[in-house]
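Here's the structure, in structure tokens; my notes come after.
The values are calculated or read from the model by the stated rules, or taken from the named source; none is laboratory data. As the structure is a computational prediction, the values presented were derived from the model and not from experiment. So basically every Cβ, Gly included, is an ideal-geometry build from the backbone, and we count neighbours across all protein chains shown.
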Amino acid sequence: MSTSTSGYAATAPSATPRRRARRGAHTSGLGLGLCTLYMSVIVLIPLAAVVVQAFNQGLSTFWDSVTTTVSLRALGETLLAALIVAAIGAVMGTMVAWVLVRDQFPGKRFINALIDLPFALPTIVAGLTLLALYGPGSPVGIHLAYTRAAVIVALLFVTLPFVVRSVQPVLIELDQEVEEAAASLGASNAITFRRIVLPALRPSILSGAALAFARCVGEIGSLLLIVGKVQIASIVIFDDIEGDAPHAAASLSVVLLVLSLLILIGLRRLGGRVAH
Amino acid sequence: MRISRPATLSLRAVALLYLALLLLLPLGVVFVRTFEHGIGTAWNWMTTPAAVSAFWLTVKLAAIAVPLNTIFGVGCALVLVRGHGRGRAVLDSLIDLPFVVSPVIVGLALILVYGEQGWFGKWFVQHGIPIIYSWPGMAIATIFVSLPFVVREVAPVLIEIGDEQEQAAATLGASSWQTFWRITLPSIRWGVAYGVVLTTARALGEIGAVLVVSSNVAGQTLTLPLLVNQRADQIGAGQITGAYSAATELAIMSLIVLLAMTVLGPRRPESR
């Protein structure tokens with residue numbers, strides 16, 4: 001019997017179920033070890049280094065660092081922008097998903113494919129497109145660049161697919177007979193939507209919006225060219241790194257990390273799958 | 001719900017207008033701006049030594065990150081779905097971390113570990129292997145940010161197909177290696193392919209993490225996204241055309257990626 005190298009098929013004709021399970025556990029342990037090693041070298045040890053850097057001068061220094069005016073304002077600006085984007089994204093994303101599922105019109109497949117564009121397009125290009133459109137020499141005469149409004153538009157662009165792609169499959173599966181029953185019992189469209197459709201969609205809207213929120217909190221690529229003097233947290237961290245202030249950068253990073261982790265845990269509770 | 005014709009039309013109009021304003025119009029403007037001084041000018045900007053070097057560095061980083069993350073992704077998905085060991089739950093919850101960590105924090109984290117003063121960095125510097133401010137650091141940053149895509153695409157497919165065929169193959173005497181190549185891999189191939197496309201898209205477009213660990217020297221450590229950033233930051237009308245030209249190269253790449261997503265997406269068992 002040759003020794004197997006991976007756990008998923010570690011069975012041999014003569015192996016009893018018991019032996020199978022034991023051999024499986026052994027080889028799968030090796031696989032688990034290799035995966036954990038790869039994750040550690042690339043992800044876990046570096047992130048641990050950020051936490052160590054933030055706290056290596058004591059808890060009070062960390063606290064002082066995250067409660068400076070600059071840090072607090074950056075956190076406020078970032079959270080406010082993320083909230084606004086998640087809210088607009090939830091409404092517009094649900095509307096787009098509705099049109100893509102329930103409406104029929106020529107070119108629908110093209111539009112449907114287009115939704116994923118923000119995932120495929122490099123974020124710096126997204127930033128540059130907004131600069132081209134709303135920056136100096138704007139062809140439409142709107143000058144948003146270097147303002148909060150530009151930040152909101154950039155974040156709406158990069159987070160567009162989250163709510164749409166989260167609501168779409170639920171809407172496809174939704175049983176329209178219940179809606180028809182409601183209508184035949186005299187419910188108006190508004191009531192049917194509020195009482196029947198919206199409750200069914202709510203978890204998917206929420207998880208899409210939460211993903212969008214998480215993305216906004218950490219976003220930097222699409223903001224680099226248009227952020228101007230708006231103090232977004234990721235930009236402040238970047239400036240701290242460039243200004244050789246790793247402690248300040250690490251402290252603010254830890255706050256963002258905790259925030260991201262909370263969203264990740266919340267999403268798990270919601271049962272939403274994290275994607276992209 | 002039966003919605004009246006005017007309501008349907010206005011919903012459609014609002015949704016399409018929103019998409020046009022947010023997605024199509026800005027993209028169109030970049031193409032227009034790239035070619036407003038003629039195709040020749042744009043071509044010259046795309047073929048400067050800095051632009052050519054940025055193109056190849058972008059390809060090189062993707063060529064390192066995508067295969068590594070694909071092998072890791074398939075292996076890790078097998079461990080998570082088919083494995084028995086304890087600790088799988090912990091690994092499962094940690095896999096998604098790169099999706100929620102800000103790219104700029106990724107850059108900082110890598111400097112703290114692999115930088116000159118970093119935990120491992122000192123050893124590498126002593127042995128004459130620079131990591132940070134050089135392409136190996138940019139490669140690690142690219143691997144970090146694109147790490148979970150293949151795992152997250154392949155794991156649900158593995159659950160979906162079950163392990164009956166693998167068991168049957170093993171019963172008939174196939175080694176686990178044979179079972180993997182002949183049974184498992186063909187069943188998960190569309191999931192793997194879709195994961196590879198997503199990984200590639202992320203690897204080609206990454207800027208935040210790479211920006212922090214790059215020395216940003218044109219011709220050496222600039223990727224195409226970094227070149228866009230640098231040219232757009234420099235004042236002067238000529239430079240901005242250069243930025244648009246590099247952005248057009250990236251936009252064309254991402255349209256190819258989008259096409260691949262559209263073709264591959266529906267083939268995944270998960271989407272049925």
Is it the case that some residue within the range B:16-33 is surrounded by fewer than 14 Cβ atoms within 10 Å (Cβ to Cβ) and in contact (Cβ under 8 Å) with a residue 12 or more places away in the chain?
-> no
Kindly list, by first and then second residue, each pair from a residue in the range B:47-61 that is on the phi < 0 side of the Ramachandran plot to a residue that is part of a helix (DSSP H, G or I) and polar (S, T, N, Q), limited to pairs with Cβ atoms under 7 Å and residues at least 6 apart or on different chains.
-> B:61/B:142
Of all residues in the range A:216-256, count the ones that are surrounded by 23 or more Cβ atoms within 10 Å (Cβ to Cβ) and charged (D, E, K, R).
-> 2
Flag for residue A:37 being more than 8 Å from every other protein chain (Cβ to nearest Cβ), modelled with pLDDT of 90 or more and under 30 Å from residue B:84 (Cβ atoms) | yes
Could you look through the range A:113-133, keep only residues that are more than 20 Å from the chain's Cα centre (by Cα) and not small (Gly, Ala, Ser), and pick out the one that is modelled with the highest pLDDT?
-> A:128
Residues of the range A:134-158 being in a helix (DSSP H, G or I), facing chain B (nearest Cβ under 9 Å) and either modelled with pLDDT under 85 or touching a Gly at 6+ places or on another chain (Cβ under 8 Å) (or both), which ones?
-> A:134, A:156
In the range B:110-138, what residues are in a helix (DSSP H, G or I) and closer than 22 Å to residue A:249 by Cα?
-> B:110, B:111, B:112, B:113, B:114, B:121, B:122, B:137, B:138
Applying the selection to the range B:83-109, what residues are surrounded by fewer than 22 Cβ atoms within 10 Å (Cβ to Cβ), facing chain A (nearest Cβ under 7 Å) and more than 20 Å from the chain's Cα centre (by Cα)?
-> B:84, B:85, B:87, B:88, B:91
Filter the helices (runs of 4 or more DSSP H) completely within the range B:172-218 down to those with at least 2 residues that are more than 8 Å from every other protein chain (Cβ to nearest Cβ).
-> B:185-205, B:208-213
Across the range B:172-217, what is the total count of residues that are more than 25 Å from the chain's Cα centre (by Cα), surrounded by fewer than 19 Cβ atoms within 10 Å (Cβ to Cβ) and touching a residue at least 12 places away in the same chain (Cβ under 8 Å)?
-> 1
For residue A:27, work out the one condition from (1) surrounded by 15 or more Cβ atoms within 10 Å (Cβ to Cβ); (2) modelled with pLDDT under 50; (3) among the polar types (S, T, N, Q) it doesn't fulfil.
-> (2)
Which ranges mark the helices (runs of 4 or more DSSP H) fully within the range A:159-275 that have 2 or more residues being under 30 Å from residue A:136 (Cβ atoms) and either in the same structural domain as residue A:93 (by TED's automatic domain parsing) or touching a residue at least 60 places away in the same chain (Cβ under 8 Å) (or both)?
-> A:198-218, A:233-242
